[in-house]
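Note sheet for the following structure.
The values are calculated or read from the model by the stated rules, or taken from the named source; none is laboratory data. Only a predicted model underlies this, so the values are computations on that prediction, with no experimental measurement involved. Cβ placement follows ideal geometry from the backbone for every residue including glycine, while neighbour counts extend to all protein chains displayed.
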Amino acid sequence: MAEIALNQKRRRINAVSIPAEVAINIVMILFCALCIVPFILVIIISFSAEDSIRAIGYSFLPQAWSVAAYEYAFKLGDALWRSYFNSFYITVLGTILSLIVYILYSYALSRKDFKYRNLFTFINFFVMLFGGGLVPTYCVTKQLLGLSDSYWAIIIPMLLNPFNVIVLRTFFQSSVPDELIEAASIDGSGEYNTLFKIVVPVAKPGIATIGLLTAIAYWNEWFIPKLYISASDKLHVPLQYLLMKMQADAEYIAKNSAAMGAEAGMAMMNLPTQSLRMVLVVLVVFPIACAYPFFQRYIISGLTIGSVKG
Amino acid sequence: MAKKNGKIAANKKKTLMLLSMVLPGTLWLFLFRYVPIFGIVMAFQNYKIVKPQKVTILGHTFKLNNYVSNLLSSDFVGFKNFEFLFKAPTTKVMIRNTLGYNVLFILLGLVISVAFAIMLNELTSKLTAKTYQTLMFFPYFLSWVVASYFVTGFLDPTRGIIPNMMRNHGWQVIDFYNTSKPWPFILTLSNVWKQTGYSTILYLAAITGIDTSQYEAASIDGASKWQQIKYVTIPHLKTMIIILFIMNVGKIFNSDFGLFYNVPNNSGLIKDVTETIDTYVYNAIGGTGGNFSMTAAAGLMQNLIGFICIMIANTIVRKVDEDSALF
Amino acid sequence: MKMKKLLSLALVATMAMSTLAACGGKTESTSNDVAPVESVSDETGAETADSNPFEEHVTLRWYLDGNSVTNDSAVMEAINKYLNEKINADLEIIWGTWGDFDDNSLLAINSGDPVDIYFTCSWTKAEYNTYAKKGAWLRLDDPDNNILKEYGSDVWNILPQVLKDGAVTDGNDGKGVYAIPGYKDFGTQNTWDVNVTLLKELGYTLEDIESRDFFTFGDILAAAKAAKGDNFYPLVIEGAVLERMVTNSIIVNGDSTGALSYYLDPSDVSKDIGSKVVNKFATEEYKKFAEKVHEYYELGYIDPALANGATANDTLVAQQNSAQYLIGTQSYALGYEYTTSAARGIEVAYVPCTSPYVDKTAAQGAMMAISATSENPERAMAFLNLLNTDPYLMQLVAYGVEGIHYQVADNGLLIREEKDADGNVVTNYHEEYTPWRNGLGNITLLTPTVDEGEGFFTDKFIPYYTSARAIPAFGYSFDGTGLDTELAAVTSVQSTYALPLDCGAADVDEVLPKMLAELEAAGIDKIVAAANEQLDAYFASK
């Protein structure tokens, strides 16, 4: 009762009208449906029997169900579970390290009284516009820094995204009042103490958001592993790269079949089929689909704590 | 006097502390982004591979890095590596597509995401809002490769849901991967589908940072919801909007390779509406045995144009509202 | 020159870096850092004459293409034990897999990764002829430092002449040999893959296929479509292979655009019919072919998914394995009918369009090149020599360790998988170790498997492939130096239109003229002219 009353009270003070709220809900439901229906379809396809696919095509209601594709996928055995573990490990460790670098760098940039603020803003900004390209970057990473065939070879090259620095800096600027920092400074708090004890708790929503985006970037990355993890290094291959590789294998052989001659036919037969790849899509997406609501809760709680004002 | 000295010392200490904060990031940027920039010279060279070379510095002989020896030994050819971008029969088409889609995506992304963020914020039930936000953000998790499987599930000529539905209704079946017309729509939808959740979250985080008392004050003053959005919310989102806008303008000559390559399955007959500079470069370089000088040239050109556009955008923003400018 | 000096100055910082890299690398025991001074080729000549050239222990790094190898530890242990004895070297294999090989090997080659031996061939992006020109491979028969003669004479002596001739290319250090060709299935024979079981069901015989050609298959295809219903597609094709079969054209060696062709006489492949290198899309033959295949496509004989690069392979394999086809295209390999009949559970026959022939593209089908940046080219050559002449080593690399990755049957043949009475695989010994056998080297050294049968290589394989005749312009290969702009633009046009045209998905009257106009704008004429000039020069020198 009390809650309803509270709701009514809130509505009275400052809320959208009921028709508007209904309209918002309809728009949101439609868009959200659009967002998840394709994934549901892929799950259904992965459980559809081959015969059903041949007869009526992909369908939300296949004629027959089958777990054949999953059985085949689980034959990948250790390689599959190892990749799963790798993806998790890289995502967790990478996100933590990235966040530390982001928070430190962005916070310094957000301080209007930082003497070299413009210089370091520019250093970060410039690389968004100019890069050396693939070959020199590869050369520096692999030959100069010796990063290859290890978790570091995936984590370190992705440690920083200049764009996120700018976003986080903006968060700091808009959600952390200058007075707060000044007050802390007058109280004799050291810079690091101010940052982690006072600023970080206030800026939690922004940090959580950047953390989430960073985690997704690590989870979805396949190009960096492709460059720095050799295929024979089974220990460090993440899941997303495993999936990409299968797709690339199929296209490669189809493309070169004329020149490869008799080779192509034999190589083709050894490749996983499309339904297996649909299974892998499900396996790639499933953990995030499960883990995400928890992330989300953390963000929302961050949001409420973060709205401490003035 | 002593007090002043103390203040200078404190300032020095503060600067040092803040410098130590930017150190790890700067080191990373230097190693991974600044050092490789020397590779730009490749774009002007007829790149060749040479046998290992040695240099003697102060009586010590060192082996030179292979890539550096290659760069030092290759001949300069001026702007020859850029020619393939402008001599292609489809140059106009790919530039039109790249710019066109980018402008469309920037505008749609802005309008839809800001609208969605405001809508979510206005919902009375926070649980519902959270649920929507969760579902909406889901596509952003997926790589384009995964997304392309979704699209295939719907559009595959023999097995896809939509062609089958058309067949069952006795309609003329559209061969999607060979028909240009629907693709501007499919690509735009795919992009909105994937990116909206992301930018909505950025805007929403910015909105939740707004002090609620401002709305209450406005409400008491008799401002309608619409006026509150116009006079409180939007001005607060301004910085974020402008930053995202300027950043996107900097990528105006780049395209999301996964979207334009994987989603249409690199299908040929629809390239008049799907070919962008990035997919062209990828497809064309194959015929040259992977000429990295040409790839470097294309990248450099994209960067330069992006740089110019960002400078223009930033100058305009600075004229209108100095605080929102990026630099 | 001034530019160069400026560049040198600008790179001082980088040089310092690179020296750091070289020093830092020394702590690792990779081959290139062990003996930076000794490795320079002209210094070693004197030394090799009197002392043991392989006194120093090195590690060779070998970059391969092929299937995924999931566990090579047992094999590598055995290989290294053997190589330590023979050439005082360790081997490290980089197992490039199909989908990664193009991008990753290109990066490794261009950035100068420490790799000693690369797989190369006529059909990957790091194409043999192109990269010989760019300086990526060491010339093996360099008159100043002939490591082929010094360390590789054994392998060179056992290779068939066509492979030796095919390996000659006009590289950065002059015309010569830049890679060791693999002794594998180097003949090409395009065939119709016929589902005989279904054919008989329809009331036709194999003679009906043999007496017809692509243009007259119509009635048989129609009968199959009528009998099996709407979801059945009787023609299962790889567009590019079909086009070659129907127009009797071959790939021009050194051409990565896919727009050039050279024509053969199908009844006598080595007869010179005076063909020039042409823009194949502009020919009458091509137009006639494209119209026919489009007609078949419109009649529903071809699955539209075959006209799409992303789905083509899946669809093709699915249709073949489930025997859901009547006629297919297949580039033939010896013994293929037995393999496929068993796998598909039907009777499969291959009807050839030509007798087997050797062109330079097939002769360069799988090669091993020594990287120009290798610090130990002599040792690498010695390794390749051993690999291609020593059955024990070859078998080890190709099939793995006896008792783990294969068993030996009583008659001495190899059992790589146990099958039940129906031919289904029960135990797969080589599941963790399945490299791409034909991409390794001299496969004729191998003991045949049970499936291949006794004497497979000596009685069948070698006679079949050595009987393959060379095409008229065999030694010719196209050199696109200086034409990169045109090659790129033409490739882009080709990649847009070729697949849908070859598979019949495109309306020929509308698409072909458009394509030809774009090809012309892209500068195809310049490429064709250069190719023919080179062809004339080749014939003149012959």
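Is it true that some residue in the stretch C:444-457 is closer than 28 Å to C:Gly254 by Cα and assigned to a helix (DSSP H, G or I)?
Within the stretch C:444-457, one or more residues are closer than 28 Å to C:Gly254 by Cα and assigned to a helix (DSSP H, G or I).
Could you please find all residues in the stretch B:289-305 being assigned to a helix (DSSP H, G or I), touching a helix residue (DSSP H, G or I) at 6+ places or on another chain (Cβ under 7 Å) and in contact (Cβ under 8 Å) with a residue 60 or more places away in the chain?
Those that are assigned to a helix (DSSP H, G or I), touching a helix residue (DSSP H, G or I) at 6+ places or on another chain (Cβ under 7 Å) and in contact (Cβ under 8 Å) with a residue 60 or more places away in the chain: B:Phe292, B:Ser293, B:Met294, B:Ala296, B:Ala297, B:Ala298, B:Leu300, B:Met301.
Consider A:Arg54 against the criteria (1) at the interface with chain B (Cβ under 7 Å from one of its Cβ atoms); (2) farther than 16 Å from A:Val279 by Cα: it satisfies all of them except one. Which criterion is unmet?
(1)
Just give me the residues in the stretch C:458-495 being within 21 Å of C:Ile527 (Cα to Cα) and part of a helix (DSSP H, G or I), in sequence order.
Within the stretch C:458-495, C:Asp484, C:Thr485, C:Glu486, C:Leu487, C:Ala488, C:Ala489, C:Val490, C:Thr491, C:Ser492, C:Val493, C:Gln494, C:Ser495 qualify.
Taking the condition of being free of Cβ contacts under 8 Å to residues at least 24 places away in the same chain and among the small types (Gly, Ala, Ser), how many residues in the stretch B:221-261 meet it?
Going through the stretch B:221-261 one residue at a time, the tally reaches 3.
Can you tell me which of (1) in a helix (DSSP H, G or I); (2) within 14 Å of chain C (Cβ to nearest Cβ); (3) surrounded by 22 or more Cβ atoms within 10 Å (Cβ to Cβ); (4) among the β-branched types (Val, Ile, Thr) is the one B:Ile310 doesn't meet?
(2)
Would you point out which residue out of B:Thr212, B:Thr208 is in contact with a Lys or Arg (Cβ under 9 Å, 6 or more places away or on another chain), under 22 Å from A:Gln173 (Cβ atoms), of a type outside the set (D, E, K, R) and not assigned by TED's automatic domain parsing to the domain that holds B:Gln45?
Exactly one of B:Thr212, B:Thr208 is in contact with a Lys or Arg (Cβ under 9 Å, 6 or more places away or on another chain), under 22 Å from A:Gln173 (Cβ atoms), of a type outside the set (D, E, K, R) and not assigned by TED's automatic domain parsing to the domain that holds B:Gln45, namely B:Thr212.
For the stretch A:202-240, which positions are within 23 Å of C:Ala108 (Cα to Cα), without any contact (Cβ under 8 Å) to a residue 60 or more places away in the chain and assigned to a helix (DSSP H, G or I)?
Filtering the stretch A:202-240 for residues within 23 Å of C:Ala108 (Cα to Cα) gives A:221-238, A:240.
After this cut, where a residue has to be without any contact (Cβ under 8 Å) to a residue 60 or more places away in the chain as well, the list is A:222-223, A:226, A:231-232.
Scanning the stretch A:202-240 gives A:Phe223, A:Lys226.
Identify all residues within the stretch A:51-67 that are in contact (Cβ under 8 Å) with a residue 12 or more places away in the chain, buried (at least 16 other Cβ atoms within 10 Å of the Cβ) and in a helix (DSSP H, G or I); write none if there are none.
A:Ser52, A:Ile53
If the requirement is being under 21 Å from C:Ile209 (Cβ atoms) and among the hydroxyl-bearing types (Ser, Thr, Tyr), which of these qualifies: C:Tyr286, C:Tyr297?
Details: C:Tyr286 fails: under 21 Å from C:Ile209 (Cβ atoms).
Among C:Tyr286, C:Tyr297, only C:Tyr297 is under 21 Å from C:Ile209 (Cβ atoms) and among the hydroxyl-bearing types (Ser, Thr, Tyr).
Go through (1) buried (at least 18 other Cβ atoms within 10 Å of the Cβ); (2) at pLDDT below 95; (3) outside any helix (DSSP H, G or I) for C:Ala369 and report which single condition fails.
Result: C:Ala369 fails condition (2) only.
If you scan the stretch C:149-162, which residues turn out to be surrounded by fewer than 24 Cβ atoms within 10 Å (Cβ to Cβ) and of a type outside the set (S, T, N, Q)?
C:Lys149, C:Glu150, C:Asp154, C:Val155, C:Trp156, C:Ile158, C:Leu159, C:Pro160, C:Val162
Restricting to the stretch C:99-146, name every residue that is in contact (Cβ under 8 Å) with a residue 60 or more places away in the chain and part of a strand (DSSP E or B).
C:Ile117, C:Tyr118, C:Phe119, C:Thr120, C:Trp137, C:Asn145 - these are the residues of the stretch C:99-146 that are in contact (Cβ under 8 Å) with a residue 60 or more places away in the chain and part of a strand (DSSP E or B).
Can you give me the ranges of the helices (runs of 4 or more DSSP H) entirely in the stretch A:109-160 with at least 2 residues that are facing chain B (nearest Cβ under 8 Å) and in contact with a Phe, Trp or Tyr (Cβ under 9 Å, 6 or more places away or on another chain)? Write out each step before concluding.
Working: elements: A:117-129, A:134-138, A:152-155.
Ranges flagged: A:117-129, A:134-138.
Is it fair to say B:Leu18 is in contact (Cβ under 8 Å) with a residue 12 or more places away in the chain, surrounded by 18 or more Cβ atoms within 10 Å (Cβ to Cβ) and either in contact with a Ser or Thr (Cβ under 7 Å, 6 or more places away or on another chain) or in a helix (DSSP H, G or I) (or both)?
Answer is no for this residue.
Out of the residues in the stretch C:353-369 meeting the condition of being β-branched (Val, Ile, Thr) and in contact with a strand residue (DSSP E or B) (Cβ under 6 Å, 6 or more places away or on another chain), tell me which one is nearest to C:Thr124 (Cα to Cα).
First, the residues of the stretch C:353-369 that are β-branched (Val, Ile, Thr): C:354, C:358, C:361.
After this cut, where a residue has to be in contact with a strand residue (DSSP E or B) (Cβ under 6 Å, 6 or more places away or on another chain) as well, the list is C:358, C:361.
Working: C:Val358: 19, C:Thr361: 11 Å.
Only one residue fits best here, namely C:Thr361.
Any residue that is without any contact (Cβ under 8 Å) to a residue 40 or more places away in the chain and more than 9 Å from chain A (Cβ to nearest Cβ) - is there at least one of those in the stretch B:141-160?
Going residue by residue through the stretch B:141-160, those that are without any contact (Cβ under 8 Å) to a residue 40 or more places away in the chain are B:141, B:146, B:149-150, B:153-160.
Now restrict to residues that are more than 9 Å from chain A (Cβ to nearest Cβ): B:155, B:157.
The answer is yes; a qualifying residue exists.
Rundown of residues vs (1) at the interface with another protein chain (Cβ under 7 Å from one of its Cβ atoms); (2) surrounded by fewer than 22 Cβ atoms within 10 Å (Cβ to Cβ), yes/no style:
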residue	(1), (2)
C:Gly453	no, yes
C:Thr458	no, yes
C:Ile462	no, yes
C:Arg469	no, yes
C:Phe478	no, no
C:Thr481	no, yes
C:Ala488	yes, no
C:Ser492	yes, no
C:Thr496	yes, no
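Which condition does C:Thr389 not pass, out of (1) surrounded by fewer than 23 Cβ atoms within 10 Å (Cβ to Cβ); (2) out of contact with any helix residue (DSSP H, G or I) (no Cβ under 6 Å at 6 or more places or on another chain); (3) part of a loop (DSSP other than H, G, I, E, B), if it passes all the others?
Tallying (1) surrounded by fewer than 23 Cβ atoms within 10 Å (Cβ to Cβ); (2) out of contact with any helix residue (DSSP H, G or I) (no Cβ under 6 Å at 6 or more places or on another chain); (3) part of a loop (DSSP other than H, G, I, E, B), C:Thr389 fails exactly one: (2).
Going by the structure shown, is B:Tyr280 within 14 Å of chain C (Cβ to nearest Cβ), aromatic (Phe, Trp, Tyr) and in contact with a helix residue (DSSP H, G or I) (Cβ under 6 Å, 6 or more places away or on another chain)? Reasoning before the result, please.
Numbers: within 14 Å of chain C (Cβ to nearest Cβ): yes; aromatic (Phe, Trp, Tyr): yes; in contact with a helix residue (DSSP H, G or I) (Cβ under 6 Å, 6 or more places away or on another chain): yes.
Spelling it out, B:Tyr280 is indeed within 14 Å of chain C (Cβ to nearest Cβ), aromatic (Phe, Trp, Tyr) and in contact with a helix residue (DSSP H, G or I) (Cβ under 6 Å, 6 or more places away or on another chain).
Please work out if A:Val27 is exposed (fewer than 13 other Cβ atoms within 10 Å of the Cβ) and at pLDDT 90 or above.
no
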